[in-house]
Structures are given as C-alpha cells and as structure tokens.
1. Tell me yes or no: at least one residue of region 280-297 is under 14 Å from T246 (Cα atoms) and assigned to a strand (DSSP E or B).
2. So if I check each of I219, I238, which one is modelled with pLDDT under 95, at negative phi and β-branched (V, I, T)?
3. Can you name the residue in region 104-119 that is assigned to a loop (DSSP other than H, G, I, E, B) and touching a residue at least 24 places away in the same chain (Cβ under 8 Å) and, of all such residues, is surrounded by the fewest Cβ atoms within 10 Å (Cβ to Cβ)?
4. I'd like the residue in region 301-323 that is in a loop (DSSP other than H, G, I, E, B) and either of a type in the set (A, V, I, L, M) or out of contact with any Ser or Thr (no Cβ under 7 Å at 6 or more places or on another chain) (or both) and, out of all such residues, is modelled with the lowest pLDDT.
5. From Y264, Y226, which residue is of a type in the set (F, W, Y), under 30 Å from T122 (Cβ atoms) and not in a strand (DSSP E or B)?
6. Across region 282-310, what is the total count of residues that are under 27 Å from the mean Cα position of the chain (by Cα) and over 17 Å from L262 (Cβ atoms)?
7. Please find, among L186, L181, the residue that is of a type in the set (A, V, I, L, M), surrounded by fewer than 15 Cβ atoms within 10 Å (Cβ to Cβ) and at negative phi.
Amino acid sequence: MLPTEPISNQWKVFITRQNNEYSFRVSGKGKYDVSKNLNQFDFRPSEFRGGILPTLQKFTPLRQKRDKNEPVEQHQIIEQLEDRLLTSSSNSKSPIVFEKTVSEAFEKLGFKVRHIGGSGNTDILVESPIKGIIDCKSTTNSTLNHLNFSRLKRHKNENNATFLLVISKGFDPAVIKDAVLEQCTLMPVDALRDLIVLLKTFTISPYEIEPLLRKKGLINYADYDYLRKKESEFKEKINYIVRVITALDFKPRDLKEIKGRLDYESEAKQLSEIKEEELHEILDFLSSPLISITQKNNGTFTSKYSHIQSLEKLKNILKVLLTPLTKEKSYG
C-alpha cells in the first residue's frame with residue numbers, strides 16, 4: 001500500500017537516479033531508496049505474483065515549503081558544489097551564500113577555514129596549512145570594477161596572513177592592474193570551479209595550490225595547467241602498475257626480463273615506455289608487506305597471484321582503507 005491518499009484517483013510517483021542511487025518518490029509524501037530493488041517490483045494482481053515483494057529501503061521525507069520571510073540560503077536547491085559556486089557568485093543580494101560556498105570549496109581542497117563575514121571583517125580566514133584571507137565578491141555583472149585594497153591589506157595584516165585572495169565572477173582590467181601593484185591575487189570563480197571538478201578524479205594537496213594563491217594579479221587558465229598535468233601523470237602511473245602486474249607471472253624474472261616484456265608490449269601496442277627506475281619503484285611497491293602481490297628473492301620477482309587476483313587484492317585493500325573503522329565486539 002502506498003503511504004498517501006491518491007490525488008484524482010491517481011498516485012503520482014517518480015523514479016529518479018543520482019549517480020548510482022535510485023529513488024522512488026511519491027508525490028506529496030516522500031521518497032524511498034530503491035537502489036537494491038532494481039527490476040524487482042511486481043505490479044501484477046496478487047493472485048499472479050510469485051514470492052514476496054522486496055521491502056522498500058530508506059525513507060526520506062519531503063522538505064516543507066519555505067516561508068517567504070525565511071532566508072534563501074537555508075533552502076538552496078541541492079546542487080553539486082561546482083554548480084553552486086557559479087550560481088552563488090551572481091547572487092549579490094545574499095553575499096553570505098557565496099562566502100559559505102567558497103568556504104566549503106576550500107575545505108574540499110584540504111584547507112582549514114573559518115567563515116567570518118559581516119561588515120568590516122574579512123569574509124574567510126584560511127587557518128592552515130597556509131594562512132591567508134579570502135574576500136568573496138558576488139555580483140550580477142560579468143566583472144568586478146572596484147576593490148578597496150587598503151581595507152583588504154589591513155585585514156591581511158590583522159590576521160597575520162601570508163596571502164590575500166579575492167574571488168569573483170570576473171575582474172575589470174583596471175582592477176587586475178592594481179592587484180599586481182598591491183600584491184593581491186584575483187581568482188575568477190570559474191578557476192575555483194575547475195579545481196573542484198578536478199578533485200573528482202585527482203586529489204590535490206593544499207601545498208600544490210599554494211603557487212596560485214601567491215600569484216600577483218589575475219589567475220588564468222594556464223596558471224593551473226600544472227595540476228592537470230599532475231593528474232595525467234598520476235593516471236599514467238596507475239596504468240603502469242596494471243601493466244607491470246600483467247607482465248608478471250609465477251616464474252621468477254629479473255628486472256631486465258620484465259623490462260623487456262614491457263618494452264615489447266609498448267612497441268606492439270604503441271604505449272608509452274616504462275623507464276627502468278619507474279619499473280623498479282613499482283616492483284618495490286608491489287613487493288611491500290602491505291601490498292604483497294609480488295615476491296622479491298635474490299633480485300627476481302615472482303607474482304603470488306594470477307593477474308585477476310592481483311587486481312582484486314588491490315581493490316580489496318582500497319575497500320578496507322575506505323571502510324569506516326568499527327569498534328571490535330568484546331566477549332566476556
């Protein structure tokens with residue numbers, strides 16, 4: 001039985017998908033998590049059904065309608081962080097929304113931040129690992145045409161900050177020129193959005209972002225191209241690990257023999273060459289006590305598992321690392 005009365009003799013239901021989660025929503029009531037019940041619903045009359053229908057999973061009640069006098073920021077539509085950065089940067093009527101969204105973004109980037117805001121105060125204080133201040137300027141215009149650099153520099157000195165960053169949709173050429181003279185960094189919100197999107201496939205250290213925060217003037221697209229290169233190099237190294245695992249078997253082989261196998265594969269399939277020092281590094285990693293996929297003995301390396309088992313072991317190691325620790329049960 002559906003948990004609500006029909007509307008005009010009908011139940012309004014919706015099935016939605018977000019990432020790998022599926023929700024079954026009943027109009028006017030709430031939604032259920034049905035990710036584990038895909039293709040299991042039986043809508044035939046009861047006399048024709050076989051077995052027991054699956055149980056609906058987690059129930060999420062619908063949000064109450066917002067009161068007209070209630071602040072907008074408490075009832076924002078749930079969007080991806082990168083999308084909220086763009087929308088809030090244009091919301092000049094509620095600058096605090098943009099400030100909080102930028103704070104959230106920098107926390108995602110690994111910084112410890114504190115949102116302050118309010119008249120006469122800095123908007124965001126970055127406390128660690130690099131101390132700095134961030135001023136957020138939401139505007140309906142495409143560019144920001146004025147900045148009070150004296151006030152910003154005072155905030156920087158008062159907070160003993162090492163960098164001064166201003167984030168907005170865009171900046172007027174005159175503001176960019178003054179920012180260089182005032183040793184202030186200007187970050188278009190698109191640049192911050194790009195960094196958040198990059199986080200989905202590559203983890204960026206706050207120290208890797210530090211060169212951007214210390215640039216005088218405007219941050220351009222080319223200024224953070226080094227981070228995309230790091231992502232590309234990281235993915236290539238992960239691919240190297242898979243290739244090395246495939247090149248190993250249950251027969252002991254020395255470094256040169258394994259390198260020869262990989263060189264032959266590189267030439268046959270037009271893949272990039274794995275250099276000898278990179279190969280040595282990967283073999284040491286696979287032979288480490290934690291990973292223990294290969295066995296090192298007198299300068300030779302032997303796989304302890306089949307290729308598929310080796311990859312499965314890596315998956316299981318990651319799965320354990322990502323699973324929250326639970327308290328061990330005590331028996332007495």
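The values are calculated or read from the model by the stated rules, or taken from the named source; none is laboratory data. What you see is a predicted model, and the numbers here were worked out from it, not measured in a lab. With ideal geometry, Cβ positions are generated from the backbone for all residues, glycine too; neighbour counts draw on all protein chains shown.
1. Yes, the conditions are met somewhere in region 280-297.
2. Going through I219, I238 in turn, just one is modelled with pLDDT under 95, at negative phi and β-branched (V, I, T): I238.
3. Only one residue fits best here, namely G110.
4. In this case the residue turns out to be T323.
5. Y226
6. 2
7. Going through L186, L181 in turn, just one is of a type in the set (A, V, I, L, M), surrounded by fewer than 15 Cβ atoms within 10 Å (Cβ to Cβ) and at negative phi: L181.
To keep it simple, each residue is scored yes or no on (1) touching a strand residue (DSSP E or B) at 6+ places or on another chain (Cβ under 7 Å); (2) within 30 Å of S142 (Cα to Cα); (3) in the same structural domain as I134 (by TED's automatic domain parsing); (4) at pLDDT 95 or above.
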| position | (1), (2), (3), (4) |
| --- | --- |
| T185 | yes, yes, yes, yes |
| D194 | no, yes, yes, no |
| I204 | no, yes, yes, no |
| Y224 | no, yes, no, no |
| S266 | no, no, no, no |
| P289 | no, no, no, no |
| G299 | yes, no, no, no |
